[in-house]
Structures are given as structure tokens and as C-alpha cells.
Amino acid sequence: MPRPLRLSERGLPASALSLAAGALAALAFPPFGFLPGLLGYGLLMRLADLEGAARPLRSAFWRGWLAGLAFFLISTWWVAEAFLVDAREQGWMAPIAVALLAAGLGLFWGVATLLYRALRPGGALRVLVFAGAFCGLEWLRGHILTGFPWDLAGETWAAGSAPSQMAAVVGAYGLGWITVAAGAAPAMLVGGRRSRRAWAAAGLSVASIGGLYLYGNHRLAGAEATPKDAPLVRVVQPRVAQESKYDERMFRSILERYVALTARPAARTPDIVVWPEGAVPDSVNDYLADGTWTKAAIEGALRPGQTLIDGAYRVAGTPDRPIYYNTVLALREGRDGLAVTGVYDKFRLVPFGEYMPMDSLMGRIGFKSLVHVGDGFTAGPRPHPLRPAGAPPVQPLICYESLFPGFTREGAAEGGRARWIVNVSNDAWFGHTYGPVQHLNLASYRAIEEGLPLVRATPTGVSAVIDAYGRIVPGSRLGQDEMGVTDTLLPAALTSTPYFRHGGSLYWMMLTVSVAAAAASYRRNLGQRSGI
């Protein structure tokens, strides 16, 4: 068994190394793509192994929290841009919000390292125990208070790359277990005597990453081509800055921009047109009301038989008790004008952004008014695909919902399997940062997991059409601050994927392996202490 590492003896304080571990892991994600950063997981594991601390569990938690703090500061600092949309009223909250978000999410890393240290695994089995503790807390991060599964470890790999294809088998959470274990195993060669088991663990790390590439390349080699008779989808990106939506003088020009881009001539008339989340800055109850110039303008932009997927918000309830929904509408232009053929209300809402957790308590202490959530949105029914007339069945994902593995699979249980996914989002909140670029990568994992093409529309970028393997279809990408449309044949849907058939079963089997490794390590440690 290797002698426990004593990094503090080497001249670098453990706190600085903890921050470095989190930063390395963050830099492995797109758009940076510094894959040696995966070794940050190994550094964190060895930091949790440090001896000499008076209170080892508290020290392990502190080091994990510092690593998580660094990771999430790099991964989520762009949320500050949302507060700068109304800089006069909310700009002062930007640094506070970033710090609180990173500190809060870092707690999951702290608890993971505390759990790992409490189990006190030894030998090469510690790698499996660390991967299980870390990825178990990753799952909790994706579920507590609606969840915030941004930059899951398994989504380190660029979507559409060879390693990312394993998400079709084990999902993003399962790929995270493989990724963390592979990144942690080489750390067994650092400090103390390099045993055969340590070398074997490092060898398995290299072999597992090689396996990801081999499987992914094999899968991509058999990728299905897009059929010639597939529906033609037009994605509209109008380059509408978020602050302009609050200026009533801009309303007409915003709508006219959408209408002009929708009606832009093409060699072939698109079958489906997709507008982003919150496209028109008004209630759909108002701008689609009969007799309004707004409805007439939209009808005039569409051809008979075309389907419009419109990201909107709608109002239900009564005038004195209105209920607001973040909505996707499927509209079809026919002989009698525009008809609604499908409605989907957002099911997973953003905590502290679209709804207030513990609403009554937050209202009493004044926090609700501080963050300007107001009454917020109401969650819709469980996810389900829409079946709009004239278009294949589609599962809408509204912005934040695209972060959740298995969301489309849940929808299939409610209303049958969709043939494609549409992700309408409003990344204009986050300006010209790399937040929208990362969001595109994360959303693309839903296509890989489900074996379904994904069409993504945002007002300021990045919009794109992604095939069932997570790859951006050439010519379909609209970058940040770009205005225009892309007309793309809808890529083919796969029959199914192992992940679609079995969900997270393989991920839970991986966690079971980690539990078994912890139990075996515990029995061995107990035997050594008792002299058996």
C-alpha cells in the first residue's frame, strides 16, 4: 500500500493545490479543451489523502470545497452578465451572485471529498471509491432544488467527439464516472512506493480513455446519413440584445426582424421554422390575438403548410390571479390562418431565476424582492413530446431543461418517443461570454444520449442543428452576435440507444462497483488493524 501523500512537505500549501485542482478540471471543458486538466481529479483525490491534519474530515471537506469553488468560478462566472442587463438596478449584485453560486455549488465537491476521506479507502481501490463519491454528489447537484447540472464531469469531452459517444450507452452521469476514475488513477503513481497495483490503475486509466476513442470512432463510422426527403428546418437568429426587449420603442422592430427572417426567400420553402425562447417580448395571448397587426404580420411571413415553433410566454388564470408559463407553441399556417397545434409549458424552472424556492420564507425575509423574481413562472406538466400537424413528433427543451440527462426519455414515457428535439433558449442574457458556447456543448449531449437530432435556436447565438451523434451539421451554425437564418435538412433519428432503453441503470451499476470497492477496502483495513 503506498505511503499517504504529504504534499504540505513539498512546499506548496494544500489550499493552493486545491484551487489548482478545480481550475484544471474546469479548463478541460470546452471551449478551453485542455484535456490534461482531467488530472485535476487525481490531484484532488490525493489532497483528500493528506496526512497530518488535526481534523482530517474537516480538512478534506475544505480542500474539496476550494477545488469546487475554483471550478465553478471558471465555469459559471458568465452569470454576472445577466445582472448587467439592468446594470443600474442590479449590476451591484453581479459579483455577489457569482461568488454565492460558486460557493454553493462547491459544497457538493466538499461533501464528495469528505465522504471519500471518511471511507478511508486504500490501494488502487481508492480510485473507484473517489469516482463513486464524486459522481454520486454530481447526481445530487443535478436534482436538489430542481438541480443545476452545468458542466457535469462526463460532459468534459466536446460533444460529437469520439469519447462523447459513450453517453449513448451510459449517459452523461455514467460517462462522468469513467472520466473521473480515468483522471484520478494516474495520481496513484505520485508519492510513496509505486506498487504494481498503482501501475495497473494508471494503465487502466490509459486503456479506458483509449476505449472511449475506439468505441466512439466505431460508432461514428456507422453514422446514418440524412435522408433527402427529410423536413427542411429554418432556424431564426435575429441578434436581439436582452436589454432591447425592455424598450417598448423596440417592440415593432423586433417583431419585424423575426418576420423578415422567417419570410426570407429560399430555393426550397422550409417545412419548419424555429424561433428562440421569449422571441417576441410580449404575452402570446396579446400578439396572437385575432385582429392584431402582430398576428397578421406573422401569418404573412409563413407559407401555407409551414409549422412555426415559437418560444413564448403565456398567461392563464384570472386577471386578479394570473399564472405565467414559459412556453413553446407549435403553430401551423393553413387556409384559415394561423392555428395552434401544440403547447408545451416548461417543466424544470431555474431556481432563483424563474421561480423562488421556499417562496413564502424568501418573501418574509425580503430576499424575493431583492432578486426581482416576483411571482415568477409556474411549472407545466411533466415533459411530453408535441405532435404538431405537418411535422414529426418533437420534444421541446426550453433553455435550462437541455442540461438534464434523461429529460427527453421521461417525455417518451408520457407521450411516446419523439423524432427530434428542439431546444429554444435565450442566451442573450449572457452576452458575448463562453457561457452560450458551453450551453451548446451541454445541450448536444441530449442528442447523443437519446439518438435524436437537436435543433437549437437562440436570439444572439449560438444556434445550430445537431445530428444524433452530437455533431453540428456543417453550415447550420450561427455564431454569437450573428443575425441570419440557416436552412438545414433535419438529420435522421436513430432507432434507439442503450441509454434510451435502460436510462441510468448502468450509472447506478457503476456506483454499486464503487460501494463494493469501499466495502472491500474497509474489510482489508479492518483486517490489517486486527492483525488478520
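Derivation of every value follows stated rules applied to the coordinates shown; laboratory data play no part. Note that the structure is a prediction, hence the values are computed from the model and not measured. Don't worry about glycine lacking a Cβ; one is built from the backbone with ideal geometry, like all the others, and counts go over all protein chains shown.
Things worth noting here:
- Dipole magnitude of segment 198-312 about its Cα centre (Cβ charges: Lys, Arg +1; Asp, Glu -1), debye to nearest 20: 480
- Count Lys and Arg as plus one, Asp and Glu as minus one, and take only other residues whose Cβ is under 15 Å from that of Gln480; the net charge is then -1.
- Positive dipole terminus of the chain, leading residue within Ser253, Gly337, Thr497 (C-beta point charges): Thr497
- For the peptides 66-79, 133-146, residues were scored by their other Cβ atoms within 10 Å and the scores averaged per peptide; the highest-first order is 66-79, 133-146.
- Farthest positive-ward along the chain dipole, Cα basis, beta-carbon charges - from Pro385, Ala279, Ala133: Ala133
- Karplus (6.51, -1.76, 1.60) ³J(HN,Hα), θ = phi - 60°, over segment 507-518, in Hz, Gly and Pro reported as x: 4, 5, 5, 5, 5, 5, 4, 5, 5, 5, 5, 5
- DSSP-defined antiparallel bridges as percent of all bridges, the chain, nearest 5: 65
- Packing-based ranking, highest mean first, of 121-131, 513-523 given that Cβ atoms within 10 Å are counted: 121-131, 513-523
- Placing pseudo-labels 7 Å out from each Cα toward the beta carbon at Arg120 and Tyr522 gives an inter-label distance of 1.2 nm.
- Order by protection proxy (mean Cβ within 10 Å, highest first), peptides 466-474, 479-487: 466-474, 479-487
- Calculated Cα extents along the principal axes in Å (choose from (i) 100, 47, 42; (ii) 71, 63, 46; (iii) 87, 56, 36), label: (iii)
- C-alpha long axis of helix 56-76 to longest principal axis of the chain, angle in °: 30
- Computed magnitude of the charge dipole of the chain (debye, nearest 20; Cβ of K, R +1, Cβ of D, E -1): 2580
- Reachable aspartates and glutamates, given that their alpha-carbon falls under 18 Å from the alpha-carbon of Lys245 and they are not under 8 places away in the same chain: Glu81, Asp86, Glu89, Glu256, Glu277, Asp282, Asp286, Asp310, Glu354, Asp427, Asp481, Glu482
- Between 0 and 90°, nearest 10: helix 39-48 axis offset from the chain longest Cα axis: 50
- Cα shape, segment 124-180, gyration tensor, a/c 1.5 rule: oblate
- Projecting the Cα positions of Leu114, Trp150, Ala167 onto the charge dipole of segment 56-183 (unit charges on Cβ atoms of Lys, Arg, Asp and Glu, taken about the Cα centre) puts Leu114 furthest along the positive direction.
- Rounded to whole Hz, the Karplus (6.51, -1.76, 1.60) HN-Hα couplings of segment 202-216, x for glycine and proline: 5, x, 5, 4, 5, 5, 5, 5, x, x, 4, 5, 5, 4, x
- Computed from backbone phi, the HN-Hα couplings of segment 344-353 come to 10, 9, 4, 8, 9, 9, 6, x, 6, x Hz, rounded to whole numbers (Karplus: 6.51 cos²θ - 1.76 cosθ + 1.60, θ = phi - 60°; Gly and Pro given as x).
- A simple count of charges around Leu220, restricted to other residues whose Cβ falls under 14 Å of its Cβ and scoring Lys, Arg +1 and Asp, Glu -1, yields 0.
- Cα gyration tensor, segment 248-330 - rounded (a/c under 1.5), prolate or oblate: prolate
- Charge sum, other residues only, whose C-beta stays under 15 Å from Pro385's C-beta, Lys/Arg counted +1 and Asp/Glu -1: +2
- The residues Glu414, Glu299, when put in order of fewest to most other Cβ atoms within 10 Å, stand as Glu414, Glu299.
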